[in-house]
1. Give me the pairs, please: first residue somewhere in the range 164-175 and farther than 13 Å from Asp3 by Cβ, second residue anywhere and surrounded by fewer than 21 Cβ atoms within 10 Å (Cβ to Cβ) and aromatic (Phe, Trp, Tyr), beta-carbon distance under 7 Å, and either six or more positions apart or on two chains.
2. With in contact with a strand residue (DSSP E or B) (Cβ under 9 Å, 6 or more places away or on another chain), closer than 16 Å to His99 by Cα, free of Cβ contacts under 8 Å to residues at least 40 places away in the same chain and within 13 Å of ligand 1 (Cβ to nearest atom) as the only criterion, which of Val7, Val62, Val35 stands out?
3. Please state which of the following conditions Val225 fails to meet, knowing it meets all the rest: (1) closer than 26 Å to Thr46 by Cβ; (2) in contact with a helix residue (DSSP H, G or I) (Cβ under 8 Å, 6 or more places away or on another chain).
4. Among residues belonging to the range 76-102 that are within 16 Å of ligand 2 (Cβ to nearest atom) and more than 20 Å from Pro2 (Cα to Cα), point out the one that is surrounded by the fewest Cβ atoms within 10 Å (Cβ to Cβ).
5. Quick one: Ser98 ticks every box in (1) at positive phi; (2) small (Gly, Ala, Ser); (3) near ligand 1 (Cβ under 10 Å from one of its atoms) except a single one, so which number is it?
6. What about Met1, is it in contact (Cβ under 8 Å) with a residue 12 or more places away in the chain and within 16 Å of ligand 2 (Cβ to nearest atom)?
7. Find all pairs meeting these conditions: Cβ atoms under 7 angstrom apart; at least six residues apart or on different chains; first residue within the range 110-130 and among the aromatic types (Phe, Trp, Tyr); second residue surrounded by fewer than 24 Cβ atoms within 10 Å (Cβ to Cβ) and at pLDDT 95 or above.
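The values are calculated or read from the model by the stated rules, or taken from the named source; none is laboratory data. Everything quoted here is computed from the prediction, not taken from an experiment. Cβ placement follows ideal geometry from the backbone for every residue including glycine, while neighbour counts extend to all protein chains displayed.
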Amino acid sequence: MPDIVVVCLPTYNERENLERMVRALGEVLPEGGSVLVIDDNSPDGTGEIADRLAGELSWVEVLHRPRKEGLGRAYVDGFQHVLAGEAELVLEMDCDFSHDPADVPRLIAAVDHGADLALGSRYVPGGGTANWGLVRRGISRGASIYTRTLLMPIHDATGGFKCFRRRVLESIDLQTIDAAGYVFQIETTYRALREGFRVVEVPICFADRAAGHSKMSRAIVVEAVWKVPRLRLRALSGRL
Ligand SMILES: Nc1nc2c(ncn2[C@@H]2O[C@H](COP(=O)(O)OP(=O)(O)O)[C@@H](O)[C@H]2O)c(=O)[nH]1
Ligand SMILES: [Mg+2]
């Protein structure tokens, strides 16, 4: 029997993308795999589409959250939900096709081959971005260089396409993560490294979203700028 895999899919206003993404995941997931949609009461009706899919497909489940509180909070709730079940491998990815569902088996394979956490990485040889504007590329690159300098030897620290072995998430006290935005990605990887887990970067090509709008905001960038050094300080003072 292969390890039980669950893909966590956070959504906020992804009605053009959700159904296509769920069906594409159905094509690539190993036997027994499932998808958990984590919807923050999207005003565009994404939650209802998710419910319809869950009614049709036994391997789809939906976690409805009352309001939009950021990607980090949505993932904390989603991971806690998944850990209450039997999953051995927990993936996270965006629902907008920036992350290619066809890459899911490569992330799983990296963990099968000994990693505890596999990161889809744009900034290792073979990885890259397609059709992303200069500003977004600059912010993303800058964030990774900033994190590399202050925190850890990871090339793509803010990416949201990851595969965790269960024990990595169990070792992280999820309740103590207060990251709302993309700093959540940095914090989970940093904590995994500090626990001594083996983290590998798997090259991926990140495409601009297929439809709908980005939820990236100035607040998300500002949060990362000050929370990255704070993570370092918390680690140094033994509070992580
Ligand atoms: N549940 C939930 N999902 C979110 C939230 N913010 C973003 N997402 C989802 O997270 C993924 C990445 O967000 P996106 O706006 O594409 O960010 P970008 O790729 O950096 O521009 C998408 O699937 C979004 O729908 C949120 O506050 N709550
Ligand atoms: Mg996106």
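1. Here the result reads Val168/Phe197, each pair linking the range 164-175 to a residue that is surrounded by fewer than 21 Cβ atoms within 10 Å (Cβ to Cβ) and aromatic (Phe, Trp, Tyr).
2. Answer to the check: Val35.
3. (1)
4. For the range 76-102, the residue satisfying everything is Asp100.
5. The failed condition is (1).
6. Working: in contact (Cβ under 8 Å) with a residue 12 or more places away in the chain: yes; within 16 Å of ligand 2 (Cβ to nearest atom): no.
Considered against the rule, which asks whether it is in contact (Cβ under 8 Å) with a residue 12 or more places away in the chain and within 16 Å of ligand 2 (Cβ to nearest atom), Met1 comes out as no.
7. Tyr123/His155
Here is a yes/no grid of residues against (1) hydroxyl-bearing (Ser, Thr, Tyr); (2) surrounded by 22 or more Cβ atoms within 10 Å (Cβ to Cβ); (3) within 15 Å of ligand 1 (Cβ to nearest atom):
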position: Ala110; (1), (2), (3): no, no, no
position: Gly114; (1), (2), (3): no, no, no
position: Ala118; (1), (2), (3): no, yes, no
position: Gly133; (1), (2), (3): no, no, yes
position: Arg141; (1), (2), (3): no, no, yes
position: Tyr146; (1), (2), (3): yes, no, no
position: Leu150; (1), (2), (3): no, no, no
position: Phe164; (1), (2), (3): no, yes, no
